[in-house]
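Notes follow once the structure below has been shown.
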Ligand SMILES: [Zn+2]
Ligand SMILES: [Zn+2]
C-alpha cells in the first residue's frame, strides 16, 4: 500500500510502498477514505511522543470503510462506513471496564502506538469496542475531522466542562479544537468568548456562535472579566501553550473550571501554573483527552439534527503526495479549517 513514512524524527517523511496490514483476531483493517493532518502528528514527527517506534506512519484522524475483519469481531462487516476515536481502549483494564476508554491503561493510538492512517489501509484494535458507525449522510472528510479535534472538544465542553445554558465560556486559541469548542458550547446554550491572534479565526468564531471575540495580543484576562462581569465559568486552553493556559486560568471567576485540551509537550511540558488563584478561588483544573467510542452517539445525533456542523471546519483537501509537506508545516500557525487527505 502507499503510505507516508519517516525513518528519523524531524527528517522529511516520504511517500513509499509498504506491505498491506492484516487484521488481528479482535481487529479490523480499514480502507482509509479521509485522514486529517493534525498538530499531534507534528509532535510525533518531532520526537515528542515516546510511544513512537521508527520507522513510522503517522495519522490518527480517520474515516473509511471496513476492508477486512478479524475472526472474533462480531459488530462489523466488510463495507461498513466507520470512524474511530484516536485513542482506542484495550477492553480489559479497569478504565475500559468503567467506560473510560479515553484514558485506557493500555491504549492503542493509530499513528502513535502503531502505524497510522497516512496510508491506504490502517489496522484498528478491539474493533467491537472502538469502531463507530457513520451516519449515512456524513462525508468521509467531515467524519475524519471528528476523530480528534471535534470529539476532543465535545468531551472537553460537555463531559468535562459540563457547560450549561447561560454560562460564560472562554476559548483560548481558535484553531480546529477551539472553533469546535465554540460551536459545541454555543449549541449547549453558553455565551462563548473566542480568543486568538488571527482576525480571520476570530471572525469565524463569531460566525460559529461566539458572542464576543478578543484579540490575544491585548490584556485577555481583563477583557474577559469585563465582558463576563467577573470571569468565565468555564475556560479552555484549546492551543496548548503556557500563555494561553495562564490566561485561561486567570480569566475564571471563583470556582470556575479550567480545561486543558491543547497538548503541552516538549519545551512546554512543565509550565508554571498560577497556584494562588487555584487555591484561593477553588478553581478546578481538568484535563481532557479524546473521547471514548460510546460517547460518539450523542455527538453524532447533534450533527445529524443540525445543531452541530463540523463540515464548517474542514479546510484544504489534499492528496497523500502533499502530506509530508503539510505535516512538517503544522507548527506554523494553522490555516482556518482542518487539512484533510482525501486522495491516496
Ligand atoms: Zn483499557
Ligand atoms: Zn489530531
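Since every read-out is calculated from the coordinates, none of them should be taken as a lab result. Quick caveat, the model's predicted, so the values are computed rather than measured. Positions of Cβ are generated from backbone atoms using ideal geometry, with glycine treated the same way; all protein chains shown enter the neighbour counts.
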Extent along principal axes [Cα atoms of the range 166-311; Å; largest to smallest]:
44, 30, 28
Distance between modelled label sites at residue 10 and residue 343, nm, 7 Å Cα→Cβ extension
3.4 nm
When a/c is below 1.5 the answer is rounded, else prolate if a/b is larger than b/c, else oblate, so apply that to the range 242-344 with a ≥ b ≥ c taken from the square roots of the Cα gyration tensor eigenvalues.
oblate
Mean residue ellipticity (222 nm) of the chain, computed from DSSP H runs ≥ 4 via -39,500 (n - 2.57), nearest 500:
-6500 deg cm²/dmol
Distance in nm between residue 268 and residue 312 label points, each 7 Å along Cα→Cβ, equals 2.5 nm
Going by how many other Cβ atoms sit within 10 Å of their own, how do 342, 244 line up, fewest first?
342, 244
Which residue, 14, 332, 201, has the most motion in a Gaussian network model of the chain that connects Cα atoms within less than 10 Å?
332
Using Cβ counts within 10 Å as a stand-in for footprinting exposure, how do 15, 32 rank, fewest first?
15, 32
Rounded to one decimal in nm, the spacing of the 7 Å Cα→Cβ label points at residue 285 and residue 25 is 4.4 nm
Which of rounded, prolate, oblate describes the range 111-194, given a ≥ b ≥ c as roots of the alpha-carbon gyration tensor eigenvalues and a/c under 1.5 marking rounded, otherwise prolate only if a/b is larger than b/c?
prolate
Given axes a ≥ b ≥ c from the Cα gyration tensor, I'd like to know whether the range 102-261 is rounded (a/c under 1.5), prolate (a/b larger than b/c) or oblate.
prolate
Please report, in whole Å, how far the alpha carbons of the range 231-276 spread along each principal axis, starting with the longest.
31, 21, 12
The range 66-93 to the range 286-316: how many Å between their Cα centroids?
19 Å
Here D for the chain, in µm²/s, from Stokes-Einstein with a Kirkwood Rh over Cα pairs at 37 °C and 0.692 mPa s, works out to 163 µm²/s
What is the Cα coordinate range of the range 3-150 on the first, second and third principal axes, sorted by size from largest, in whole angstrom?
41, 33, 29
Bins of 10 Å, beginning at zero and ending with the bin holding the largest distance: percent of Cα pairs per bin for the range 32-103, please.
16, 35, 40, 9
